[in-house]
Amino acid sequence: MRPKLGLIVPLRRKPGEEIEKVRRLGFETCQVSCWDMNLYNRGVAEELKRAVEECGVEVTTLWTGFSGRAVWNFTEGPLTIGLVPPDKRKKRVEELKMASDFAGWIGVDSLTTHIGFIPENPNDPVYTSLIDVLREVADFLDDRGQSFWFETGQETPITLLRTLEDVGAENLGVNFDPANLLMYGKANPIDALDILAEHIRDVHAKDGEYPRSGRQLGEEKPLGEGRVDFPRLISKLKELKYKGSLTIEREISGPQQIIDIKRGKRYLEELISRIY
């Protein structure tokens with residue numbers, strides 16, 4: 001069974017245009033990403049659900065951002081991203097519960113997010129207290145028939161594996177982003193795939209480079225132009241009998257983004273045709 005190709009798109013107050021773009025570009029699935037908590041309302045949910053049904057697109061997960069600052073680097077990132085910063089947890093857990101309501105309204109059974117820079121040391125009080133928070137979120141979602149997917153990148157694969165084991169909930173999974181593992185300098189994506197294989201539920205098709213400094217992330221690249229070995233990655237996914245999507249994420253805006261998405265789609269289609 002070949003993986004379906006998808007595209008990550010932002011949630012907007014009028015979501016139909018983004019879903020129509022997914023259909024127009026020829027994708028079967030999408031992830032919907034939201035960073036504005038005001039959009040978690042019934043009206044937006046109804047419009048999104050209608051657009052998805054009319055366009056025949058499957059939403060594989062609701063990618064849930066948070067309010068407040070999020071600085072995507074190695075110095076301020078640990079203090080601002082995800083559920084790791086203790087002073088941000090209470091509000092962001094409530095935002096995840098809002099996202100859960102929204103996901104239920106649109107008929108999507110998973111939430112995905114960056115947890116943040118999970119400490120490598122399992123004895124760190126920031127880590128041990130984080131596990132309790134993650135159990136709370138996992139239990140809340142499980143009661144609603146929903147799962148919780150951790151996006152890779154800001155932690156080493158073994159730290160993420162340990163976190164999944166320590167939380168111990170059956171409704172946890174991984175949204176595997178090979179470029180993030182490179183851009184954060186955390187792992188070779190092919191090796192990381194071996195470590196996290198049984199937990200992977202969706203895969204971001206994104207490319208990038210290792211960092212060039214100790215403060216800034218590596219550069220994102222168009223598919224096929226960075227260090228992610230997509231032929232090996234897709235071959236490995238086939239070996240693992242992966243059943244999810246390959247969801248293209250290109251984190252730029254404007255006309256070049258569409259050009260890169262189209263090229264990336266053709267690149268993946270050629271690889272999948274050859275490998276499968």
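Every number here is computed from the coordinates shown, using simple stated rules; none is lab data. If you're wondering where the values come from, they're calculated on a predicted model, not measured in any experiment. No Cβ is skipped: glycine too gets one built from the backbone with ideal geometry, and neighbour counts run over all protein chains shown.
Annotations for the structure displayed:
- Global geometry of region 1-72, whether rounded, prolate or oblate, following the gyration tensor of its Cα atoms and the 1.5 cut on a/c: oblate
- Ser235-Lys90 pseudo-label distance in nm [points 7 Å out on the Cα-to-Cβ vector]: 5.3
- Rounded to whole Hz, the Karplus (6.51, -1.76, 1.60) HN-Hα couplings of region 12-28, x for glycine and proline: 10, 4, 10, x, x, 4, 5, 5, 4, 4, 4, 5, 4, 7, x, 9, 8
- Put simply, the amide H of Thr61, placed in the peptide plane, has neighbours under 5 Å in Val32, leaving out anything fewer than 5 places away on its chain.
- Long-range amide H partners of Glu151 with built H, under 5 Å: Thr113, His114, Ile115, Asn175
- For region 10-42 versus region 204-276, the spacing of their alpha-carbon centroids is 21 Å.
- Panel order for Val44, Val126, by other beta carbons found within 10 Å of each beta carbon, from fewest to most: Val126, Val44.
- Region 1-71: chymotrypsin sites (Phe, Trp or Tyr not before Pro) falling in loop per DSSP and having at most 15 other Cβ within 10 Å: Trp35
- Computed label-point distance, nm, for sites Ala70 and Glu270 using a 7 Å Cα→Cβ extension: 3.3
- Residue-averaged 222 nm ellipticity for the chain, from DSSP H runs of 4+ at -39500 (n - 2.57), nearest 500: -13500 deg cm²/dmol
- Cβ-based exposure ranking for Leu164, Leu217, in which fewest neighbours within 10 Å come first: Leu164, Leu217
- Relative contact order, percent, the chain [alpha-carbon distance under 8 Å, six or more residues apart]: 16
- Region 179-194-region 86-165 distance, computed between alpha-carbon centres (Å): 20
- Distant-in-sequence amide contacts of Ala205, defined by a placed amide H-H separation under 5 Å and a gap of 5 or more residues or a different chain, comprise Thr247, Ile248, Glu249.
- Selected from Pro157, Thr29, Ala192, residue furthest toward positive end of dipole (region 4-275; charges at beta carbon): Thr29
- Across region 151-157, rounded Karplus estimates of 3J(HN,Hα) from the backbone phi angles (6.51 cos²θ - 1.76 cosθ + 1.60, θ = phi - 60°) give 7, 6, x, 8, 9, 5, x Hz, Gly and Pro being marked x.
- Simple Cβ-charge dipole of region 176-247, Lys/Arg +1 and Asp/Glu -1, about Cα centre, in debye nearest 20: 80
- Residue-count net charge about Leu193 - beta-carbon cut-off 14 Å; Lys, Arg +1, Asp, Glu -1: -1
- Over 21 Å (Cα to Cα) - which of Lys21/Lys49; Lys206/Lys262; Lys236/Lys265; Lys236/Lys262 fall in this group: Lys236/Lys262
- Calculated translational diffusion coefficient of region 138-259 (10 °C, 1.306 mPa s; Stokes-Einstein with Kirkwood radius over alpha-carbon pairs) equals 105 µm²/s.
- Once exposed loop trypsin sites (Lys or Arg not before Pro) are cut out (DSSP; at most 12 other Cβ, 10 Å), longest piece of the chain: 70-211
- Region 59-68 - phi-based ³J(HN,Hα) in whole Hz, Karplus 6.51/-1.76/1.60, Gly and Pro as x: 8, 7, 6, 9, 7, 9, x, 10, 7, x
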